[in-house]
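Only one structure is covered here, and it is reproduced in the block below.
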Amino acid sequence: MKKGLVLEGGAMRGLFTAGVIDVMMEEKIEYDGIIGVSAGAAFGCNYKSGQIGRVVRYNTRFCRDKRFAGVGSLLKTGNIFNTEFAYGEVPLKYDIFDFKTYESNPMDFYVVCTDVETGEGVYHNYLGQNDHGFDWIRASASMPIVSQIVDIEGKKLLDGGIADSVPIKEFEKMGYDKNVVILTRPADYRKKKNALMPLIRMKYRKYPKLVKAMENRHLVYNETLDYIREQEKAGKLFVIQPRESLNIGKIEKNPERIKAVYEEGRRAMKSRLEELKQFLDS
């Protein structure tokens, strides 16, 4: 039996996930592997490095810093999250990411990106600092329209959520058969067709398969949610998600709101802690 943790993205909704996984780490809950998409990758990697509280700490510290994220960075660099600062100075200088612990931890950590030429998911077992620095994490979290395409090993990559927002089926194919899924939307949520499709078709006209994937994203996402519900009812999956829609922006400048969503994740996990332990031990 292989125990897995699946982390949905959702930009700053990922602070909910950060709260959930911090409680898991405090309780010393271990998995054989984790797979993260977008913010799920950017925040989830701290599970493998064992850094409780790091996600909420650096986000509250830098959320109002113009060097970190915002329209200014988008206009200047093409990335709403500034590459040099958010993926360079912050993890290497100001709130240091523990690569030593990450690389010595035997747990696998998979990052999901979308190949813009094929429109398909790329599932990469991220090994650490010598594995292209933070580029795999950055690629997974590079939201379309507001981010540059990231080139790694000849692949042109964007946000993993385009191709596979909740990669539970892919994780099951890898052999993970006892899985926990953290979603960042409430149970009644259903994704609608992207209202920005005209802009997307124009911006990515060189990548028709990417455009097709984005046209169908809501259908794939909702089908995945249906699958998750079926597996959860059958006792084959354990799902954690917020009760209501999270009150937080994609680029959140209010540190109190960041803390509130993080605390909501902590409360959600604490309220179901014994259930989770029973599921993993069964």
Where a Cα-Cα gap under 20 Å defines reach, which lysines qualify for K156, not counting those fewer than 8 residues away within the same chain? K203, K206, K209, K212
If you plug each phi of region 101-109 into the Karplus form 6.51 cos²θ - 1.76 cosθ + 1.60 with θ = phi - 60°, what whole-Hz ³J(HN,Hα) values come out, in order, with x for Gly and Pro? 5, 4, 6, 8, 6, x, 4, 7, 10
Order of 178-187, 126-135 by packing, highest average Cβ count within 10 Å first? 178-187, 126-135
By Kyte-Doolittle mean hydropathy of at least 1.0 and Cα axial length of at least 15 Å, which whole DSSP H helices of the chain are selected? 14-26
Cα extents of region 78-155 along the three principal axes, largest first (Å): 34, 27, 17
Stokes-Einstein D for region 47-89, Kirkwood Rh over Cα pairs, 10 °C, 1.306 mPa s (µm²/s): 143
So, for region 183-282, what is the accessible surface per residue at a probe of 1.4 Å, expressed in square angstrom? 62
Over region 87-201, relative contact order from alpha-carbon pairs under 8 Å, at least 6 apart, %: 21
Convex hull of Cα atoms in region 6-91, direction-averaged projection (nm²): 5.5
May I ask you to give the percent of accessible area on the chain that is carbon plus sulfur, with a probe radius of 1.4 Å? 48
Under the definition of Cα pairs under 8 Å and six or more residues apart, what whole-number percent is the relative contact order of region 183-242? 51
Where does each of 74-81, 256-263 land if you order them by average Cβ count within 10 Å, highest first? 256-263, 74-81
Skip the ligands, DNA and RNA, and give the accessible area per residue of region 93-154 with a 1.4 Å probe, whole Å². 45
Ordering of 219-228, 32-41 by packing [mean C-beta count within 10 Å, highest first]: 32-41, 219-228
Determine Rg/Rh for the chain; Rg is computed over alpha-carbon atoms and Rh is the Kirkwood hydrodynamic estimate from the same atoms. 0.93
At 7 Å along Cα-to-Cβ for each site, give me the label-to-label distance between A195 and T77 in nm. 2.9
Hey, which lysines would be in cross-link range of K28, C-alpha to C-alpha under 23 Å, not counting anything within fewer than 8 residues on its own chain? K2, K3, K48, K100, K178, K236, K259, K270, K277
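The values are calculated or read from the model by the stated rules, or taken from the named source; none is laboratory data. Everything quoted here is computed from the prediction, not taken from an experiment. All Cβ positions, glycine included, derive from the backbone under ideal geometry; neighbour counts span all protein chains shown. When the accessible area is computed, the model is the full protein with side chains, heavy atoms only, and any ligands, DNA or RNA have been set aside. Shrake-Rupley method; radii C 1.70, N 1.55, O 1.52, S 1.80 Å.
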